[in-house]
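J.: What follows is a single structure, and I will ask about it in a moment.
The values are calculated or read from the model by the stated rules, or taken from the named source; none is laboratory data. These numbers come from a predicted model, not from an experiment. Note that we place each Cβ from the backbone using ideal geometry, even for glycine, and neighbour counts take in every protein chain shown. Only protein heavy atoms, including side chains, enter the accessible area calculation; ligands, DNA and RNA are left aside. Shrake-Rupley method; radii C 1.70, N 1.55, O 1.52, S 1.80 Å.
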Amino acid sequence: MSTEKAVKVLLVDDEEAFRQALAKRLERRRIEVFQAADGNSALEALKAFPANVVVMDVKMPGMDGLETMACIKRDFPDTEVILLTGHAAVEDGIAGIRAGAFDYLRKPVETENLLNKIRQAYDKSRHQHDLAKEAELREALEKQMATAERLASLGTLAAGVAHEINNPLAIISEAAGYLQLLLEKDECKEMPFHDRFEKAIGKIEKSVQRARRTTMQLLGFAGQPDAVYREIELDDLVEEVILLAAGQASAAGVTVIKEESPCSAALWTDPHRLRQVLINLVSNGIAACDRGGRVSLGYHSSDDWATIQVSDTGHGIPKENLERIFEPFFTTKPPGKGTGLGLFVSLDIIKRLGGDMQVKSKVGKGTIFQVNVPRLSKTCPEVCNDIDWRDKARELERRDSHGAGAHQHTRRG
């Protein structure tokens, strides 16, 4: 039968002659058979050759069949076990079923009877596997739906809320700037508590900037502005990102370096958005490092793709958080230090540019973010496949610089 072709069976019995004879009979029925002489060997065999069904004698020297089955159920829950007993040991088979065995058969074993049991055990195993996959898929879909609902609500409110917040922020910032100018006047320099006033104004300005960053991130995915594509050199972009991160790195005592690359790569993309993503990743890397830590940027390219890696020697991300770091509003930073939007917005930007992003991390060792972007964005239909894309990109940029064709290479990212 076609089902039998996929079945993998592990035979476990200390009697080699019996084991070999039974294996030959099963193999003639096109079942893939592995063998083990005792319980410990069976557990090792399952690690190397996962089986759908284990056919195992109850009475074996050392670890008996019931003890071995308990280990199998613990370490290989998708594997079904059929126990073999002697005529005088039916109670062992019943005890095995109570402990989780699929069924038991008495020796000597009739081949067709055993085949039917193996087929039934296999069908049960696959059914349980399918149910587990279905549950996993349902959970993933529920998470996606929950995220979509949150984003739909946020998309409705974010723009209005952000603008309403930005208006008073502008007034606060302007007032703080005015107070700062007054404090710099000679007649005010000797006033009481001058230094305290300056510190208070500095705190106001920093808080305004933090609030503005949050509202800009809200606006960033509530309504993305059109992307503007042009040709850039990846090496120049990486150098620029390192320069922009220098202040934060210096304050944190962290070194930001560029890894050596064989040659620079030119690509046709939106440099502003790509720069925004890289700065966010570098900033996160700096924040994850202790003093003396290191953040490095490296890249390589193929004919069609450019890959940028941002790696750090920081604390790393626990496994349970890796699947959540791109969710909106998920953050492990203390209150006031993060909004939980940076990575979500960054992934959205990269997807809009036609790329993707992956992350690898190990607690205590550090984290690596890998950004893949097309060297020629597929969102620009002007580019033809039969000519050099760099020449076409330069032509579009020249047309744009003369005021013509700007709409032709401005696309929603």
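Rundown of residues vs (1) over 18 Å from Ala6 (Cα atoms); (2) open to solvent by less than 70 Å² (accessible area, probe 1.4 Å), yes/no style:
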| residue | (1), (2) |
| --- | --- |
| Asp38 | yes, yes |
| Asp75 | yes, no |
| Asp78 | no, no |
| Arg98 | yes, no |
| Glu110 | yes, no |
| Arg126 | no, no |
| Asp130 | no, no |
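J.: Next question. Does Val295 fit the bill of being β-branched (Val, Ile, Thr) and part of a strand (DSSP E or B)? Break it down into steps so the answer makes sense when it comes.
T.: Details: β-branched (Val, Ile, Thr): yes; part of a strand (DSSP E or B): yes.
It is true that Val295 is β-branched (Val, Ile, Thr) and part of a strand (DSSP E or B).
J.: Of all residues in the stretch 40-60, which are open to solvent by 40 Å² or more (accessible area, probe 1.4 Å) and among the charged types (D, E, K, R)? Spell out the reasoning first.
T.: From the stretch 40-60, those open to solvent by 40 Å² or more (accessible area, probe 1.4 Å) are 40-41, 44, 47-50, 59; that's our starting set.
Selection gives Glu44, Lys47, Lys59.
J.: Write out, first by first residue and then by second, each pair whose Cβ atoms fall under 9 Å of each other, whose residues are 6+ apart or on separate chains, and whose first residue, in the stretch 62-75, is more than 12 Å from Leu46 (Cβ to Cβ) while the second is open to solvent by 50 Å² or more (accessible area, probe 1.4 Å) and in a helix (DSSP H, G or I).
T.: From the stretch 62-75, the pairs are Gly62/Asn40; Met63/Asn40.
J.: Then there is this: Take the residues of the stretch 275-295 that are of a type in the set (A, V, I, L, M, F, W, C) and open to solvent by 40 Å² or more (accessible area, probe 1.4 Å): which is nearest to Gln358 (Cα to Cα)?
T.: Residues of the stretch 275-295 of a type in the set (A, V, I, L, M, F, W, C): 277-279, 281-282, 286-289, 295.
Then keep just the ones that are open to solvent by 40 Å² or more (accessible area, probe 1.4 Å); that gives 279, 287.
Numbers: Ile279: 16, Ala287: 19 Å.
Of everything passing the filter in the stretch 275-295, Ile279 is nearest to Gln358 (Cα to Cα).
To keep it simple, each residue is scored yes or no on (1) in contact with a Pro (Cβ under 6 Å, 6 or more places away or on another chain); (2) under 30 Å from Arg212 (Cβ atoms); (3) among the aromatic types (Phe, Trp, Tyr).
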site	(1), (2), (3)
Pro262	no, no, no
Val277	no, yes, no
Val282	no, yes, no
Gly298	no, no, no
Asp303	no, no, no
Gly316	no, no, no
Phe329	no, yes, yes
Gly342	no, yes, no
Val345	no, yes, no
